[in-house]
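Worksheet: the structure to be examined is printed underneath.
The values are calculated or read from the model by the stated rules, or taken from the named source; none is laboratory data. Computed from a prediction, not measured in an experiment: that's the story for all the values here. Cβ sites come from the backbone with ideal geometry, for glycine too, and all protein chains shown count toward neighbours.
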Amino acid sequence: MAKFNENYLNVKESYLFSEIAKRVNAYTAANPDKKVIRLGIGDVTLPLADDVIKSLHSAVDEMGKAETFKGYGPEQGYDFLRRAIQDYYKRNGVTLDLDEIFVSDGAKSDTGNITDLFSVDNVVMVPDPVYPVYVDTNTMNGRKIIYLDANADNNFLPMPDKSVHADIIYICSPNNPTGAVYNKEQLKEWVDYALENDSVILFDSAYESFISEEELPRSIFAVEGAKKCAVEFCSLSKTAGFTGTRCGYTIVPKALVSKARDGREMSLNKMWNRRQTTKFNGVPYIVQKGAEAVFSVEGMKQAKAMINIYRENAKIIADTMKKKNVKFFGGVNSPYIWFECPNNMNSWDFFDLMLNKINVVGTPGAGFGKNGENYFRLTAFNNKENTVEAMRRFEILF
Ligand code: PLP
């Protein structure tokens, strides 16, 4: 019998969203007349923008004609999209070479797949609470994980502790689930730590498009020195509603190099290119054409208009929290609002209270780590009417 990867025995059962669905389904079956409002799952609700749809349609037509049909494309992505991403970074003050940009089918796959490039004896540092993919993928590989406490004392923005060494550090900013965002000085401290410790930062910027305060960094490469120690993952999922269409991009700088035990230089950029050309056959041409439209002047306007709708919802939620004196995090540069459950309640009990008393669904913080035990996440991904109604009901609880 083949030996299975026993590290999978150490991966915790992912019951968060299935448990939420189970409890919501049981409630709606018993109370069919009640209108349940969902502010739980972090999925977008608005349809793709007009220019994206136009571009997708015309790409579909191209696929139907011999002269314009496309077969296998470059594994790293078509140059038209890599250029559009390069220009986007340039507009945000970051210069990248085209071959530092890798188009992907989303940030989830790449944040997981990047673990292929690192030795299993690296120590991985992950903030708690956190997007669970970082922990699960490293557990599958059998790597040691150390946790960094994010809590109200550090505004859910933990800073490096010089007495603790980590080889790989995950940073997600704006953060899921807390909505907290590092400023440039704070990111600089992380970059300095990584350079001193020869560590690599895996920076997840999936929510950068929600940043509204101009001085906050949208990319870790806005920080000097980051190209020597960081990889960045981004996605059109939240920027442009691509959660079901699937397109993202990963930046692997050529300056990120290390020495092998025999003294040879190893380049993470070259390794990622080798990995992708071996294990990945690219994102569909049609999807990449849709993604290209996001980066056009008109496409960006349309994407921003969508983000603004979610931002308004976030503001409605945040304003309610302020009115009721509930301490919360996020909600300004993020679609997530993260707050402490009342009366020291644990997050699953508060989930049940919300569901049963006011018929509003959120996400219990416990699903993101131990520091989330008494916290709760609401999302701006619904329409205004539902968000207003959910908050009207929410006020009853406080
Ligand atoms: N990174 C974070 C922090 C996320 O919250 C999510 C999705 O919710 C992703 C990555 C996944 O993005 P994608 O849809 O591009 O795979």
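Data overview
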| quantity | calculated |
| --- | --- |
| Residue under evaluation residue 163, criteria (1) under 21 Å from residue 314 (Cα atoms); (2) surrounded by fewer than 22 Cβ atoms within 10 Å (Cβ to Cβ), criterion not met | (1) |
| Verdict on residue 143 being assigned by TED's automatic domain parsing to the domain that holds residue 203, surrounded by fewer than 18 Cβ atoms within 10 Å (Cβ to Cβ) and either under 27 Å from residue 292 (Cβ atoms) or at pLDDT 95 or above (or both) | no |
| Filter result (more than 22 Å from residue 284 (Cβ to Cβ) and either surrounded by fewer than 19 Cβ atoms within 10 Å (Cβ to Cβ) or of a type in the set (A, V, I, L, M, F, W, C) (or both)) within segment 96-113 | 96, 97 |
| Strands (runs of 3 or more DSSP E) enclosed by segment 324-398 - at least 3 residues per element that are farther than 30 Å from residue 219 by Cβ | none |
| Number of the exception - residue 148 against (1) under 30 Å from residue 328 (Cβ atoms); (2) surrounded by fewer than 18 Cβ atoms within 10 Å (Cβ to Cβ); (3) aliphatic (A, V, I, L, M) | (2) |
| Qualifying position, being surrounded by fewer than 18 Cβ atoms within 10 Å (Cβ to Cβ) and in contact with a Phe, Trp or Tyr (Cβ under 7 Å, 6 or more places away or on another chain), among 93, 73, 42 | 73 |
| Filter pass, residue 126 being within 16 Å of the ligand (Cβ to nearest atom) and closer than 19 Å to residue 303 by Cβ | no |
| Residue that is surrounded by the fewest Cβ atoms within 10 Å (Cβ to Cβ), among those in segment 10-24 that are without any contact (Cβ under 8 Å) to a residue 60 or more places away in the chain and more than 21 Å from residue 370 (Cβ to Cβ) | 22 |
| Residue check for residue 89: farther than 14 Å from residue 168 by Cβ and away from the ligand (no atom under 16 Å from the Cβ) | yes |
| Close pairs from segment 151-170: first within 16 Å of residue 194 (Cβ to Cβ) and free of Cβ contacts under 8 Å to residues at least 60 places away in the same chain, partner among the hydroxyl-bearing types (Ser, Thr, Tyr) and assigned to a loop (DSSP other than H, G, I, E, B), Cβ under 6 Å, at least 6 apart | 166/199; 167/199; 169/199 |
| Single match in 72, 89, 27, 15 (criterion: under 28 Å from residue 306 (Cα atoms) and hydroxyl-bearing (Ser, Thr, Tyr)) | 89 |
| Subset of segment 192-207 [in contact with a Leu (Cβ under 9 Å, 6 or more places away or on another chain) and within 12 Å of the ligand (Cβ to nearest atom)] | 203 |
| Conditions (1) under 20 Å from the mean Cα position of the chain (by Cα); (2) under 27 Å from residue 184 (Cβ atoms); number of the one not met by residue 115 | (2) |
| Pairs where the first residue, in segment 90-114, is acidic (Asp, Glu) and the second is within 11 Å of the ligand (Cβ to nearest atom) and part of a loop (DSSP other than H, G, I, E, B), C-beta under 7 Å, 6+ apart | 105/246; 105/247 |
| Hey, residue 127 buried (at least 18 other Cβ atoms within 10 Å of the Cβ) and modelled with pLDDT under 95 or not | no |
| Which listed residue is at pLDDT below 95 and either surrounded by fewer than 23 Cβ atoms within 10 Å (Cβ to Cβ) or closer than 30 Å to residue 252 by Cβ (or both), from 342, 284 | 342 |
| Close pairs (8 angstrom Cβ cut-off, 6 or more residues apart or separate chains): within 24 Å of residue 169 (Cβ to Cβ) and more than 9 Å from the ligand (Cβ to nearest atom) in segment 225-251, of a type in the set (S, T, N, Q) and part of a strand (DSSP E or B) anywhere | 231/250; 232/250; 249/104; 249/235; 250/104 |
